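Take a look at the structure set out below.
The values are calculated or read from the model by the stated rules, or taken from the named source; none is laboratory data. Keep in mind that this is a model prediction, so the values were computed, not measured. As a convention, Cβ positions derive from the backbone with ideal geometry for all residues, glycine included, and neighbour counts pool all protein chains shown.
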Amino acid sequence: MEILSISIDKKSLEELEGIQKKLGFKSRSKMLRTAVLSMLNDYERLDVMNGIVDSVFVLTYKEAEKNHVSDILHKFENIIKIELHQHYSGTCVDVLSISADAEGTRNFFGAMRRNKCIYSVVYSIINESK
């Protein structure tokens, strides 16, 4: 197994240690390996798609960032078919129904994951027409 070193701010480290305890991971390494594998699985599933893809995305982000996230979503307005937006104690939740070719779906996912304002991106593939 290879060894990686990462830099992380103190607040994030404290949050990770809290999650580690809550989830019962014996080590930070095991927890981070699990997180990396989850991310790899997300990308692997997206990487093998082709044809037209209907999917649902759920985004969460700080309410103060809603205008910034909205600007990004407008760039994808041609593939967003339905958008549901809700506020929860300072956090916004967007549920988006997307219909796009596989490359468009990958581009959307990548843009959402790269955005520092967005806390989480979860997706489900509903239909893939080849």
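Looking across the stretch 60-89, the residues that are touching a strand residue (DSSP E or B) at 6+ places or on another chain (Cβ under 6 Å) and outside any strand (DSSP E or B) come down to Glu63, Lys66, Val69, Ile79. Which condition does Glu83 not pass, out of (1) touching a helix residue (DSSP H, G or I) at 6+ places or on another chain (Cβ under 9 Å); (2) under 25 Å from Ala35 (Cα atoms), if it passes all the others? (2) is the only condition that Glu83 fails. All conditions but one from (1) within 23 Å of Arg113 (Cβ to Cβ); (2) in a helix (DSSP H, G or I) apply to Ile6; the one that does not is (2).
For every residue, the table says whether it meets (1) under 18 Å from Arg113 (Cβ atoms); (2) surrounded by 12 or more Cβ atoms within 10 Å (Cβ to Cβ); (3) touching a residue at least 60 places away in the same chain (Cβ under 8 Å).
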residue: Gly24; (1), (2), (3): no, no, no
residue: Leu37; (1), (2), (3): yes, no, no
residue: Ala64; (1), (2), (3): no, no, no
residue: His85; (1), (2), (3): no, yes, no
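The set of residues in the stretch 90-99 being under 19 Å from Cys117 (Cα atoms) and in a strand (DSSP E or B) consists of Thr91, Cys92, Val93, Asp94, Val95, Leu96. Considering only residues that are among the small types (Gly, Ala, Ser) and either part of a helix (DSSP H, G or I) or under 12 Å from the mean Cα position of the chain (by Cα) (or both), look in the stretch 100-130 and name the one that is nearest to His74 (Cα to Cα). Once the filter is applied, the top-ranked residue is Ala111. Residues in the stretch 94-111 that are within 13 Å of Val58 (Cβ to Cβ) and either in contact with a helix residue (DSSP H, G or I) (Cβ under 8 Å, 6 or more places away or on another chain) or exposed (fewer than 15 other Cβ atoms within 10 Å of the Cβ) (or both): Asp94, Val95, Leu96, Ile98, Phe109. Residues considered: Phe57, Phe76, Phe25. Of these, the only one that is outside the structural domain of Lys116 (by TED's automatic domain parsing) and of a type in the set (Phe, Trp, Tyr) is Phe25. Taken residue by residue, the stretch 115-123 has no member that is over 27 Å from Glu15 (Cβ atoms) and touching a strand residue (DSSP E or B) at 6+ places or on another chain (Cβ under 9 Å). Screening Leu73 on (1) buried (at least 16 other Cβ atoms within 10 Å of the Cβ); (2) over 27 Å from Ala35 (Cβ atoms); (3) out of contact with any Ser or Thr (no Cβ under 7 Å at 6 or more places or on another chain) shows it passes everything except condition (2).
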